[in-house]
Amino acid sequence: MKLALSLALATVSLVASSLVQQAKEAGLSPIPTSKTALKKLVDNPKNKMTDAKIELGKKLYFDPRLSKSGIISCNTCHNLGEGGDDGVSASIGHKWAANPHHLNAPTVYNAVFFDLQFWDGRAVDLEAQAQGPIQATPEMSATKEHVVKVVTSMPAYVSAFKKAYNKDVNITFEKVADTIGVFERTLVTPSAYDDFLNGKPKAMTKAQQAGLKTFIDKGCASCHNGIALGGNMNAFNVNGTYEFQNVGDFKGDANGMVKVSSLRNITQTAPYFHNGQYQNLKDAIKEMGRIQLGVTLTEEETSSIETFLGALEGRKPKITIPMLPASTSTTPQPDMN
């Protein structure tokens, strides 16, 4: 009995090891288990992460007063209580207006692993990305001056910046965005998939492992690879035209390239595609097979891939909603115009 059990466990381990090797050869990488290795991977050498910066960045991330209206924060469109996005096909911003290009908000979870930020890849990192929505008219609609006035009007924020930046800091709009970016770098969600690739053969079920193999064999990993299983720029409509291509006017960057969506926590980030026209994950998988891979995925293949994607549901960091500093007489008043 013991010998049979040992042989069975050895077989399971051997099969898993083969699949892990296949995954790595396909360009898939896990989130490191070592805190030191992870810190090195997510940190910004130009603005090193510290506990003080992270805590300050979290407050700024949740503070709606950075917006012109005083009611929209980063967390409005990148809700950390669910998938790190807003769950609507076109994000809603200032004056309750929908995004004019009919774009939805990509998840902020694991965005630190993206090669570039925004659907058209125009920002090189999270710090640069944080500047965009704050100033964008259809989003938070604030000016740089407004943001600086808000932060410097509150002694608690001024003290927090001094603590985070060793008392020698000029509070600028860019510094505010940088600090938000530092916090966002902590939003990493390791999953059963990572455990599996990191050497735990039982972390994923047999069905999930079979789904991973289907995912690789069908070519999904040709675009959805790296640690984020996406986050890189790639051509869109390679073998067909997306069914809802004409919803909104987004066509990608100057070369027609579009940022590949991360598949991490994909079960929690519907609706799918840049303009959010698919609510059902299976339908989205089939459409990607058609327009990107030029294949018609069977029901069995689609279900298998969907089962694998469930293994990407990550363990989210515990986040306590911060208590924000009180406004003062010099804090800019909310402006809905």
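Remark on Ala123: its backbone amide H falls under 5 Å from those of Gln117, a criterion applied only to residues 5 or more positions apart or on other chains, H modelled at 1.01 Å from N.
Between Val158 and Thr186, what FRET efficiency follows from the Cβ-Cβ distance if R0 is 22 Å, with the result rounded to 0.05? Before the final figure, lay out the partial values.
Working: r = 23 Å, r/R0 = 1.06.
With a Förster radius of 22 Å, E is 0.40.
The alpha carbons of region 48-184 occupy a box of 43, 31, 27 Å along the principal axes, longest dimension given first. The alpha carbons of region 221-337 give a radius of gyration and a Dmax of 19.0, 63 Å, in that order.
Return the whole-Å distance between the Cα centroid of region 34-111 and the Cα centroid of region 264-333. Value for the Cα centre distance between the two parts: 15 Å.
Per-residue Karplus couplings for region 215-232, computed as 6.51 cos²θ - 1.76 cosθ + 1.60 with θ equal to phi - 60°, are listed in order as 4, 6, 4, 7, x, 4, 6, 5, 10, 8, 9, x, 5, 7, 6, x, x, 9 Hz, Gly and Pro entered as x. On a 0 to 90° scale, report how tilted helix 155-164 is relative to the longest principal axis of the chain, with both axes built from alpha carbons and the result rounded to the nearest 10. The angle comes out near 50 degrees. When the listed pairs Lys48/Lys316; Lys40/Lys167; Lys53/Lys286; Lys39/Lys251; Lys200/Lys251; Lys59/Lys213 are checked against a 32 Å cut-off, the alpha-carbon distance exceeds it for Lys53/Lys286; Lys39/Lys251; Lys200/Lys251; Lys59/Lys213. Extent of region 150-299 along its three principal axes (Cα atoms, max minus min coordinate, largest first): 60, 44, 25 Å.
3J(HN,Hα) couplings calculated from phi for region 268-279 with the Karplus curve 6.51 cos²θ - 1.76 cosθ + 1.60 (θ = phi - 60°) are, in sequence order, 10, 10, 5, x, 9, 6, 4, 10, x, 9, 10, 8 Hz; Gly and Pro show x.
Counting each DSSP H run of 4 or more residues in the chain as -39500 (n - 2.57), what helix-only mean residue ellipticity at 222 nm follows after dividing by all residues, to the nearest 500 deg cm²/dmol?
Working: 12 runs with 126 residues, N = 337.
It comes out at -11000 deg cm²/dmol, rounded to the nearest 500.
For region 316-332, putting each phi into the Karplus relation 6.51 cos²θ - 1.76 cosθ + 1.60 with θ = phi - 60° gives couplings of 6, x, 6, 10, 8, 4, x, 8, 8, x, 6, 5, 10, 5, 9, 6, x Hz, in residue order, rounded to whole numbers and with x for Gly and Pro. Each part gets one Cα centre, and for region 166-221 versus region 236-253 those centres are 27 Å apart. Against the set (1) 1.27; (2) 0.97; (3) 1.02, the structure's computed Rg/Rh (Cα atoms, Kirkwood Rh) falls on (3).
Coordinate-derived values only; no laboratory data. Model, not experiment: these values are computed from the prediction. Please note: Cβ atoms are built from the backbone with ideal geometry, for glycine as well, and neighbour counts cover all protein chains shown.
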